[in-house]
Structure formats: structure tokens, C-alpha cells
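Take a look at the structure set out below.
Derivation of every value follows stated rules applied to the coordinates shown; laboratory data play no part. Here the structure is a predicted model, which means the values were calculated and not measured. Methodologically, a virtual Cβ is constructed for each residue, glycine included, from the backbone with ideal geometry; neighbour enumeration extends over all protein chains shown.
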């Protein structure tokens, strides 16, 4: 097993926290998968020893980027549990069992209604508060109505800026770097 300490720059990570150095550990036991986790002094990435340098660099960058974005989102000052509790009370919706930041590239958030869990994409860490609130209310509504039925939309639309937030997110997903200027 060999390790390397890198100091990487990650694009798209808010400058909320100082960047952690990255330690890459090459393991002969690993064949295909890589894993990363935050340690007290660095981000540790374990990769297969036989991986080519180009593939390793791409994999390390991807894994470190995910962890850094999650870390920045968590440190960004938004306590999701407190926010969800306030919004649930304000709009008469159920409180989640848990709500956490998660690396989600294909959706803004997700809800497992049977477990009462909500995951919010780290990509939302830098959106305006009203957009994040609308996403949270949308997911809270799923705790009562796990589909997109008319009853669900009655619940979700209790948040007065729900439709505007959907437009904001649509602009973001179509590649507008600053959706504030597109709405």
C-alpha cells in the first residue's frame, strides 16, 4: 500500500472552509472501486494500485469534489433540520425523521416517505434561501403524499414561491450560471 498527499483545488466548491489536503492510498486489495472519506487532517481516497495515473486523477478529483461540496454545504450555515422543522410548522406539513445534504447530480432532492428521510443536493448550497425553502417544502409534502397528485401540489404550493423556485431551478439545470438574472 502506498500513499500520496495532494493539495487539490476543486471547482464549484464554495469557499466556506479551508480545503483539506488529500491523501491517496493505493491498495493492491482493491480491484475496481475507490472510496473517499474525511479524516481529521485530510481527505483520504483509497484507489486500486493498478489504476492508470489518468484514471486515478479523474477518480480522485470526482470523489474529493463530492466530499468538499458536501462539507461546504454542511458548513454553509444552513441547519437543514431546523429549517425543515420551521417550514413544516409554518405550512402544516409533517416533520422529517432526518434531512441531510447529499451528493445528487440528477435531482435537486429526494424523499423516502416510508422512512421519513429527505436528502437535499449539495448543488443547492448556494441558491437563495427562498429556493432552498421551496425545495424543502416540496419534499415535506412528499412525506404526506408520495406522488405528484393534485393533493400533493396543494400541499407543496402552500409555499408561495414554489412555482418561481421551480423556474429558478429549471434555469440552473439548463446551464445558466447565474439564474438570478434569468428570472
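Worth a mention:
- Burial ordering of 82, 100, fewest other beta-carbon atoms within 10 Å first: 82, 100
- Tensor-based shape of segment 84-137 (alpha-carbon gyration tensor, a/c under 1.5 rounded, otherwise prolate or oblate): oblate
- Computed extension length for residue 49-residue 148: 31.0 nm, one decimal, from 0.36 nm per residue of separation with the Cα-Cα distance subtracted.
- For segment 80-181, the convex hull drawn through the C-alpha positions has a volume of 94 cubic angstrom per residue.
- With bins 10 Å wide beginning at 0, the percent of Cα pairs of segment 20-127 falling in each bin runs 13, 35, 28, 17, 6, 1.
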